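Here is the structure we will look at.
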Amino acid sequence: MGHAVHVRGLSVHTSAGARLVDDISFTLHEAERVALVGASGSGKSLTAAAVLGTLPVTLNACGSIRVCGCDVRPGRLPRSRVGVAAVHQDPSTALNPLVRIGDQLDLVLRAHGTRAAVATTVATGLLQDVGFDDPETLLRRYPAELSGGQRQRVCLAIALAGRPRLLIADEPTTALDVDTQEQVLDAIERVRQRHGTALMLITHDRRVAATRTDRAIRMAQGRLVDEAVEADV
């Protein structure tokens, strides 16, 4: 089995030299589901940002990261070049409030090479994949017309538009009620199974890690505490 992510000796530090992530190593296999678990400030989101290539410019990273077969510079490589996409905690900041959902999906699909003639059909299919029963109506709506869970599922559809081999979900259900959390997690699992996508789930919720992933990696104070064979947390 190949590796979706192979991290060795990753450290993230400030310009003053303070280490926020300290010499961590781990592997995520193709189509595997792994939870990165820890309290706020443990370094899990910074680790995800280093893999994604979205670290703040005020931080520096060292070590080696290999994503979907490509060696990347920790923290700086655009994720679109290595087959990785992300869903973040707050969907309201990820969507443009002034642009209809259909137009936002169209922009992403066109950027990934989808022909204009079929973009609407593909967008409709993506929205169906993440659980929308009436995608044609949804395409005409603005983000403010949707609930938080609906916006998060739209963000998932946008993330999947480039057919990534790795999906990083960084606290994707934190701002949602329990029932809506389950809807979003169900949508992630459904599309992950359908497309064989590997999943790195960043969470502080041990129940979610235990029920929604194959194994868990715990972090505390910027270091790996331990790695469970299964997500028995």
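Against the criterion of being within 28 Å of Gln193 (Cβ to Cβ), assigned to a helix (DSSP H, G or I) and of a type in the set (Ser, Thr, Tyr), Thr47 qualifies. The set of residues from the stretch 95-148 being surrounded by fewer than 19 Cβ atoms within 10 Å (Cβ to Cβ), among the small types (Gly, Ala, Ser) and within 20 Å of Arg192 (Cα to Cα) comprises Gly125, Gly131. Looking across the stretch 202-226, the residues that are of a type outside the set (D, E, K, R), within 17 Å of the chain's Cα centre (by Cα) and either surrounded by 17 or more Cβ atoms within 10 Å (Cβ to Cβ) or assigned to a helix (DSSP H, G or I) (or both) come down to Ile202, Thr203, Val208, Ala209, Thr213, Ala216, Ile217.
Within the option set Val99, Val108, Val122, being in contact with a helix residue (DSSP H, G or I) (Cβ under 9 Å, 6 or more places away or on another chain) and not in a helix (DSSP H, G or I) holds for one residue only, Val99. Among Arg153, Arg141, which is the only one that is assigned to a helix (DSSP H, G or I) and not polar (S, T, N, Q)? Result of the check over Arg153, Arg141: Arg153.
Of everything in the stretch 182-201 that is outside any helix (DSSP H, G or I) and of a type in the set (A, V, I, L, M, F, W, C), the residue that is farthest from the chain's Cα centre (by Cα) is Ala198. Among the residues of the stretch 184-201, write down those that are among the polar types (S, T, N, Q) and crowded, with 20+ Cβ neighbours inside 10 Å. Once the filter is applied, which keeps residues that are among the polar types (S, T, N, Q) and crowded, with 20+ Cβ neighbours inside 10 Å, the stretch 184-201 yields only Thr197. On the stretch given as the stretch 123-149, residues that are within 22 Å of the chain's Cα centre (by Cα), over 11 Å from Ala187 (Cα atoms) and not hydrophobic (A, V, I, L, M, F, W, C) total 5. I need a count of the residues in the stretch 125-138 that are without any contact (Cβ under 8 Å) to a residue 12 or more places away in the chain and part of a loop (DSSP other than H, G, I, E, B). So the count comes out to 2.
For the stretch 60-74, the condition of being surrounded by fewer than 17 Cβ atoms within 10 Å (Cβ to Cβ), in a strand (DSSP E or B) and either in contact with a helix residue (DSSP H, G or I) (Cβ under 9 Å, 6 or more places away or on another chain) or on the phi > 0 side of the Ramachandran plot (or both) holds for at least one residue. With the condition kept exactly as written, say whether any residue in the stretch 22-30 is charged (D, E, K, R), modelled with pLDDT of 85 or more, on the phi < 0 side of the Ramachandran plot and part of a strand (DSSP E or B). The answer is yes, given that some residue of the stretch 22-30 is charged (D, E, K, R), modelled with pLDDT of 85 or more, on the phi < 0 side of the Ramachandran plot and part of a strand (DSSP E or B). Residue pairs whose Cβ atoms lie under 9 Å apart, sitting 6 or more positions apart in sequence or on different chains, and linking a residue in the stretch 51-62 that is within 24 Å of Arg165 (Cα to Cα) and touching a residue at least 24 places away in the same chain (Cβ under 8 Å) to a partner that is part of a loop (DSSP other than H, G, I, E, B) and basic (Lys, Arg), are Gly53/Arg73; Gly53/Arg76; Thr54/Arg76; Leu55/Arg76; Ala61/Arg73; Ala61/Arg76. Based on what the data block shows, is Gly38 farther than 19 Å from Gln221 by Cβ and either polar (S, T, N, Q) or in contact (Cβ under 8 Å) with a residue 24 or more places away in the chain (or both)? No. When the stretch 134-169 is filtered for residues that are farther than 23 Å from Arg212 by Cβ and charged (D, E, K, R), the ones remaining, listed by number, are Asp134, Glu136, Arg140, Arg141, Glu145. Of all residues in the stretch 50-86, those that are of a type outside the set (Gly, Ala, Ser) and at pLDDT 80 or above total 18.
Restricting the stretch 28-59 to residues that are among the polar types (S, T, N, Q) and crowded, with 16+ Cβ neighbours inside 10 Å, which is farthest from Ile202 (Cα to Cα)? Selected residue: Thr54.
The values are calculated or read from the model by the stated rules, or taken from the named source; none is laboratory data. Since the structure is predicted, the reported quantities are computational estimates derived from the model, not experimental observations. All Cβ positions, glycine included, derive from the backbone under ideal geometry; neighbour counts span all protein chains shown.
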